[in-house]
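K.L.:
Dropping the structure in here first, questions after.
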Amino acid sequence: MYQRRHVPSPRALPKTYRFLRLPLAIDVAPIVAEIEAADITWLPSQWKWHLGTSFCILRGGEERGWPGSRLTSGGGIDAPALAGLPRLRELLDTAFPARPVSAWLGLSPPDSRIHLHVDNTPHWDEHHRFHVPLITTPAARLCVAGRFLHLPAGSVWAFNNSVPHGAENLGPPRIHLMVDLPPVPHVEALVAAGTPEEGAKDPEAIARLSRDPMESIPEAMQSDAYLLWRLAQQ
C-alpha cells in the first residue's frame with residue numbers, strides 16, 4: 001500500500017471482523033429526500049486514497065487548517081452543514097447507542113475507487129466505524145482485507161478500517177453515512193450482537209485498488225503544492 005507506516009494506538013480496538021451487519025435498520029427515504037433538497041457543498045477528498053470522491057462533514061473535532069481535518073480527532077462538534085439537515089441530525093442523535101463523535105457523508109461518483117489503505121490516526125484506531133448506505137446499487141462494493149461486499153441501503157454495518165480497505169463504485173452515484181462511535185458498553189454490546197460477513201474475492205478489482213493513488217490526481221489539484229506535499233505524507 002502507498003502510505004506511511006502506521007503505528008497503532010495503544011488503545012486500538014480489537015476489530016476481529018471484516019464486515020459486521022448490525023441488528024439495526026434505518027428508514028433512509030426521508031434522509032435521502034432531505035439530502036437531495038439541501039444545498040450541500042461537497043468537498044473533494046483530502047486523502048490520496050479517496051481522490052475522485054467527495055465528502056460533507058456533519059460532526060467532528062476542531063478545524064486544523066485543511067478541509068477534512070475535523071474528522072481526524074473526533075470531538076462531537078456539529079459542523080455548519082448539519083444545521084440544514086434536521087432529519088439527519090436527529091438520526092445521529094437517536095439511532096445509535098451513543099452519540100457519534102464524528103460523522104460525514106461520503107459521495108462516490110460513477111467509476112470511482114478508494115484505493116487500499118489503513119486508517120492511520122489514533123482516533124480512528126480507538127473508535128468503531130459504522131457505515132449506513134443511503135443511496136447505492138449492487139455495483140457499489142466495499143473491500144476489507146481482500147474481500148468485497150455490497151451493503152444494501154438502510155442497513156447498518158461495523159466496518160474494519162484498521163486493516164487494508166477500499167471501495168469501488170461501477171454504478172451510479174453512491175452516498176454512505178459514516179460515523180465513529182466510542183467503545184462504551186452499549187456500543188460494544190451492539191457490535192457483539194452483529195453478524196459477520198466475509199464477502200467475495202475479486203482479484204481483478206483488488207488489482208485496481210492496489211495501484212498508487214498518486215497516479216490519478218485530478219488536474220484541478222496538480223497545481224496545489226501544499227496539497228501535493230500533504231498527500232505525499234499520508
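K.L.:
Output the residues belonging to region 18-53 that are at pLDDT 95 or above, in a loop (DSSP other than H, G, I, E, B) and within 18 Å of residue 124 (Cα to Cα).
P.N.:
Selection gives 18 alone.
K.L.:
What pairs come out if I take residues in region 166-192 that are among the basic types (Lys, Arg) and pair them with residues that are open to solvent by less than 20 Å² (accessible area, probe 1.4 Å) and at pLDDT 95 or above whose C-beta lies under 7 Å away, six or more apart or interchain?
P.N.:
If the second residue must be open to solvent by less than 20 Å² (accessible area, probe 1.4 Å) and at pLDDT 95 or above, the pairs left are 174/108; 174/140.
K.L.:
Still on this model: What about residue 153, is it open to solvent by 40 Å² or more (accessible area, probe 1.4 Å), of a type in the set (Gly, Ala, Ser) and not in a loop (DSSP other than H, G, I, E, B)?
P.N.:
On the way: open to solvent by 40 Å² or more (accessible area, probe 1.4 Å): yes; of a type in the set (Gly, Ala, Ser): yes; not in a loop (DSSP other than H, G, I, E, B): no.
When the stated conditions are applied, residue 153 does not pass them.
K.L.:
I've got another one for you. Do you know which residues across region 68-101 are out of contact with any strand residue (DSSP E or B) (no Cβ under 9 Å at 6 or more places or on another chain) and of a type in the set (Gly, Ala, Ser)?
P.N.:
Selection gives 83, 84.
K.L.:
Any chance you could count how many residues in region 156-181 are touching a Pro at 6+ places or on another chain (Cβ under 9 Å) and part of a loop (DSSP other than H, G, I, E, B)?
P.N.:
Total satisfying the criteria: 5.
K.L.:
While we're on this one: Going through region 199-211 one residue at a time, which ones are in contact with a strand residue (DSSP E or B) (Cβ under 9 Å, 6 or more places away or on another chain), open to solvent by 60 Å² or more (accessible area, probe 1.4 Å) and assigned to a helix (DSSP H, G or I)?
P.N.:
Here is the first cut: in region 199-211, the residues in contact with a strand residue (DSSP E or B) (Cβ under 9 Å, 6 or more places away or on another chain) are 199-202, 205-206, 208-211.
Keeping just the survivors that are open to solvent by 60 Å² or more (accessible area, probe 1.4 Å) gives 201, 208, 211.
Within region 199-211, just 208 meets the criteria.
K.L.:
Tell me the residue from 223, 216 that is exposed (fewer than 14 other Cβ atoms within 10 Å of the Cβ), free of Cβ contacts under 8 Å to residues at least 40 places away in the same chain and hydroxyl-bearing (Ser, Thr, Tyr), please. Steps first, please.
P.N.:
On the way: 216 fails: free of Cβ contacts under 8 Å to residues at least 40 places away in the same chain.
It is 223.
K.L.:
I'd like to verify a number: residues in region 212-227 that are of a type in the set (D, E, K, R) and outside any loop (DSSP other than H, G, I, E, B), how many?
P.N.:
The initial filter retains those residues of region 212-227 that are of a type in the set (D, E, K, R), namely 212, 215, 219, 224.
Next, from what is left, pick out any that are outside any loop (DSSP other than H, G, I, E, B): 215, 219.
Residues in region 212-227 being of a type in the set (D, E, K, R) and outside any loop (DSSP other than H, G, I, E, B): 2 in total.
K.L.:
Against the condition open to solvent by less than 10 Å² (accessible area, probe 1.4 Å), over 26 Å from residue 233 (Cα atoms), in contact (Cβ under 8 Å) with a residue 40 or more places away in the chain and of a type in the set (Phe, Trp, Tyr), how does residue 130 come out, does it pass?
P.N.:
When the stated conditions are applied, residue 130 passes them.
K.L.:
Still on this structure, I have one more. In region 43-66, which residues are free of Cβ contacts under 8 Å to residues at least 40 places away in the same chain and touching a Pro at 6+ places or on another chain (Cβ under 8 Å)? Steps first, please.
P.N.:
Quick first cut of region 43-66, residues free of Cβ contacts under 8 Å to residues at least 40 places away in the same chain only: 43, 45, 62-65.
Of everything in region 43-66, just one residue is free of Cβ contacts under 8 Å to residues at least 40 places away in the same chain and touching a Pro at 6+ places or on another chain (Cβ under 8 Å), namely 43.
K.L.:
Looking only at region 54-110, which residues are charged (D, E, K, R), at pLDDT 95 or above, surrounded by fewer than 20 Cβ atoms within 10 Å (Cβ to Cβ) and out of contact with any helix residue (DSSP H, G or I) (no Cβ under 6 Å at 6 or more places or on another chain)? Explain how you work it out, then say what you get.
P.N.:
Just the residues of region 54-110 that are charged (D, E, K, R), to begin with: 59, 62-64, 70, 78, 87, 89-90, 93, 99.
Narrowing the set further to residues that are at pLDDT 95 or above leaves 59, 78, 87, 89-90, 93, 99.
Next, only the ones that are surrounded by fewer than 20 Cβ atoms within 10 Å (Cβ to Cβ) stay: 78, 87, 89-90, 93, 99.
Once the filter is applied, which keeps residues that are charged (D, E, K, R), at pLDDT 95 or above, surrounded by fewer than 20 Cβ atoms within 10 Å (Cβ to Cβ) and out of contact with any helix residue (DSSP H, G or I) (no Cβ under 6 Å at 6 or more places or on another chain), region 54-110 yields 78, 90, 93, 99.
K.L.:
For region 75-103, which residues satisfy the criterion of being polar (S, T, N, Q) and in contact (Cβ under 8 Å) with a residue 60 or more places away in the chain? So that I can check it myself, show each step before the final result.
P.N.:
Step one: list which residues in region 75-103 are polar (S, T, N, Q), which gives 94, 102.
Once the filter is applied, which keeps residues that are polar (S, T, N, Q) and in contact (Cβ under 8 Å) with a residue 60 or more places away in the chain, region 75-103 yields only 102.
The values are calculated or read from the model by the stated rules, or taken from the named source; none is laboratory data. Quick caveat: nothing in here was measured; it's all calculated off a predicted structure. Methodologically, a virtual Cβ is constructed for each residue, glycine included, from the backbone with ideal geometry; neighbour enumeration extends over all protein chains shown. Protein only, heavy atoms only, side chains kept; ligands, DNA and RNA dropped before computing areas. Shrake-Rupley method; radii C 1.70, N 1.55, O 1.52, S 1.80 Å.
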